[in-house]
Structures are given as structure tokens and as C-alpha cells.
1. Looking at Ala241, Ala291, Ala333, Ala277, can you tell me which residue is on the phi < 0 side of the Ramachandran plot, of a type in the set (Gly, Ala, Ser) and in contact with a Cys (Cβ under 9 Å, 6 or more places away or on another chain)?
2. Quick one: which residue in Ser271, Ser266, Ser312 is closer than 30 Å to Ala434 by Cα, away from the ligand (no atom under 16 Å from the Cβ) and without any contact (Cβ under 8 Å) to a residue 40 or more places away in the chain?
3. Which of the residues spanning the range 220-238 are within 9 Å of the ligand (Cβ to nearest atom) and surrounded by 24 or more Cβ atoms within 10 Å (Cβ to Cβ)?
4. Anything in the range 132-157 that is assigned to a loop (DSSP other than H, G, I, E, B) and either in contact with a helix residue (DSSP H, G or I) (Cβ under 7 Å, 6 or more places away or on another chain) or more than 14 Å from the ligand (Cβ to nearest atom) (or both)? List them, or say none.
5. Could you identify the single residue in Tyr130, Tyr80 that is aromatic (Phe, Trp, Tyr) and closer than 30 Å to Ser267 by Cβ?
6. Specify which of the listed residues (Ile201, Ile174, Ile167, Ile192) is assigned by TED's automatic domain parsing to the domain that holds Lys232 and within 12 Å of the ligand (Cβ to nearest atom).
7. Cys253 fails exactly one of the following numbered conditions: (1) away from the ligand (no atom under 16 Å from the Cβ); (2) assigned to a helix (DSSP H, G or I). What is the number of that condition?
Amino acid sequence: MIALEVYHVKPPVSRRGFLGAASAATAGAGLAASAANSSLAVLGGKPVRTAAFPSWPRFNKLEEHAWTEVLRSGKWFRGYGKQVERFEQAYAQLTGARHCLATANGTSALFTSLNALGVGPGDEVLVPPYTFVATINVVLLQHALPVFVDSDLETSQMDPARIGALITERTKAIIPVHLGGSAADLDSILPIARKYRIPVIEDACQAHMGEWRGRKMGTLGDTGCFSFQASKNLNSGEGGAILTASEDLVEKCYAFHNNGRGRKTSSYDFSYHASGANLRMTEFQATLLIAQMTRLEEQAKTREDNARYLTSLLKEIPGIKPARMYAGCTRNAYHLYMLRYLKEQFAGVQRATFLKALRAEGVPCSGGYDPLNKEPFLKNVLSSPGYRAIFPAERLRRWEQQNQCPANDRLCQEAVWFTQNMMLGTRADMDQIAEAVRKIQAQAGKLAKA
Ligand SMILES: *Cc1c(COP(=O)(O)O)cnc(C)c1O
């Protein structure tokens, strides 16, 4: 299940629920109290809330104007206009990065980074099993071997204690993912990478404005990759960016994303630096991003304030474990609000039933990712003729034996996610999320028998 799905989950509005909310608006706090005491909405009772959470994306005349300007200029390609370059400069400045290269999307930012770093067939790349599939797909596109590092159950991030044992002489990159906008443990990962001289590609596709010890996530690895796909905290429908401190790397990235062609002054310069692809951002994407960026800091602050408050409420509920953050994570971007649901504290009620009950109370939620390291497609790729030609049979056998991520298996069974747009709501919205969870917890016995 991917995060996208939950964006389209509207809280159920039954006629009864709607009338209840309307009368409660006049009765003030009466609603929460009466709904909390009523039977569970999934069993026919009154839902805790019926209002929708904030919608996403947010835009106004600023975007309308910016978009129309580009349209009317006729300059829709970065080679003709100035918007992509303006965005690159603004995003580098915002994050404190030396260089920024805009790309078509986050997948191409990762793909370009791997190519610029020379990761290719026969190489191995350390990846987490708990991420969006793009993190793995880009490794497979290079005919390299994704080696899965088990998750830290409490944080949902790559467990740094597992990295050392998985490094071989073929390990050519580590891709820590700052999942949900919380940070992977860079204090542990970066020194290991340095020791073995392995480049680090930060997958910061969910971590806009997130910080590690006061520095923006995506600026601490050799490259940092961002996505501006529709669900992400900075959004232009599709879009991506690479941050790096290395001039050499940014030029390699530029050439790769531009069909092997470097920066040039003429469209008629047909000299090639390397092989590549066309992964360029359009002027339309860039102008939208520049406009969206005017709200980025304010939205990040709202999400963080709300999420912290929500954590203070949820951590008091038996069986609810909000994801822990590493001490170095000085700012969480909260692309996802992640927690673990322990059914033992909910009369043994399965997570799927809990999620259904929570949605019925008016709180959209999902169970998050399934274990990527167990995806059947992965086995098909690794047993394909191409992979068998590149990797010794013995290496592929060892990969299969090593491919055990028990902490992640458990995480995938226990996780519950709320999406970033919900964190753009009010304190009262957070109160209602906690109220709904508390209500289900209090009546879990009835749910177990239903
Ligand atoms: C969204 C995402 C990507 C891919 O970005 P796209 O812009 O959709 O290509 C990669 N990694 C993670 C962790 C993501 O969340």
C-alpha cells in the first residue's frame, strides 16, 4: 500500500454524522465528549469527526500568475527560460547546499546520482527495506544488487548497527532514506561510509526542510535527492532535485540528466561527456515550485507543532508507539506521521480492523509499506538472464540467505501512518485524532467480539 491512496480517503459523512457535527458546532465541546462515549462508528455509533482534513495541494493567485507567465512566454524548456535555474539557486540557498540540480522527478534524481557516482553492473548498494519502491528500482536499473539493511523498529529507519556486516568490496553506495521526513541515523552511517570510502546518497524525497543537527537533510551525503511529486511536502505534480557540495559531481549529474551533454552556450553543441538520458525539469514545474516555496517554512512549522502535540497525546495511550526520533534529528519534516499499533493492548484486534475503525471515526490512515525485500518481482529480476550473467551464482545464493529483515517484517505489520496534509490542520484536529484512537482503545473488547 502506498501513501498516495490515503489522500483520496474522505472521512465518511453519514447523514447522521453530518447532523451530529452541525449541532455540535453550536454546542461547542459537546461533540467530542458525546462521540467519545458513544459506541464505535464502525459498529454504527457516532464518529468522533466528520470534517475533512486540510486538502493538498494549496495554491492561489501566485501559482496561477506564475504558471500563466511561463505559458505566455513560450519558454517552456530550461534551455530557453530562466525558471529552472532560479529554482535551483533558491533551493540551494534555502538548504545551504553548494549546488542544486533540478530533475524531472525524485526517481531521476536518485538514478542520476547513481550514474554520476559510477555505480553499475556487479556493484552492491545498501538500501532499507522500508521505503518507496523507487529507492530500490534505481539500483536495479543499474544492474546492481540491492542489499537490504534491516529497519530499526523504534524509528522506522535503516538500522546502522546492521550495516557493517553487509559491506563487501563491491559495495559502491549506501542510500539511507529519511523516511516520513524523520532522519536516518547519520551520526552512525556517515562515519562507516567514510571508513570504507563508500559514497552516501541521501534519499530525502520525504524530508523537505528536515534537519540533522541543524543542517538540512540532503546536504550531508555525497548527494541528497528530493521529490516534488504531488503527495510530497513541496509539490509541482512531478519534480525532483539533487543537492551536492561537489562541483565535479554536479557537473556529472548535469551531463547525465542532459543526454550526456554538459552545460553549453549553444543548442548546436553536440559534444558528449558521457552516456545519459533526458531527465530535465520543465519551466512549468520550476515556476510552480518557486511559488510553493513561499509557504514551505510556514507549513513545515505547522506540521512540526501539530505532530509534536499529537505525540504528546498518543504516547499516553496503551498500545500506541509514536516513531522515535534519533537525537540528531533536530527537525522532522513529517511527510508521514508514523506510529506502531500493538494489538496486545487492543484486546488482540488486528491492525486492519483498527485502521477500518479509525477511518470510520473520521481519521484517514494507512498501514504503510509491505516488506520490499520480500517482493516477488525482486526475485524475478535477480534470477533474470542479465543478472545471472553479471553476478556469480554463489553471490545471488548468499544474497537470498542474507535477505532477512525480521525487525522490518514486524514494523510492516504494526505501522500506522497519517499523511502530511493532516498535520496542516488545527490543534483541535489533533485532539480528535487522539480522541478517536482513545475511543477505539477503550472499546477494543467490543471490536474484538464484533
Ligand atoms: C517519492 C519518493 C521517491 C520517488 O520520487 P518520485 O518523484 O515519485 O519519482 C523516492 N524515494 C522516496 C523515499 C519517496 O518517497
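The values are calculated or read from the model by the stated rules, or taken from the named source; none is laboratory data. The model shown is predicted, which means the values in this text are computed figures rather than measured ones. Ideal geometry is used to build each Cβ from the backbone, glycine not excepted, and the neighbour counts take in all protein chains shown.
1. Ala241
2. Of Ser271, Ser266, Ser312, the one residue that is closer than 30 Å to Ala434 by Cα, away from the ligand (no atom under 16 Å from the Cβ) and without any contact (Cβ under 8 Å) to a residue 40 or more places away in the chain is Ser312.
3. Cys225, Phe226, Ser227, Phe228, Lys232
4. Val133, Gln142, His143, Ala144, Val149, Asp150, Asp152, Leu153, Glu154, Thr155, Ser156
5. Tyr80
6. Ile201
7. Looking at each condition in turn, Cys253 falls short on (1).
Results for (1) surrounded by 13 or more Cβ atoms within 10 Å (Cβ to Cβ); (2) over 24 Å from Ser156 (Cα atoms), shown as yes or no for each residue.
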site	(1), (2)
Ser384	yes, yes
Tyr387	yes, yes
Leu396	yes, yes
Pro406	no, no
Asp409	yes, no
Gln413	yes, no
Met422	yes, no
Asp431	yes, yes
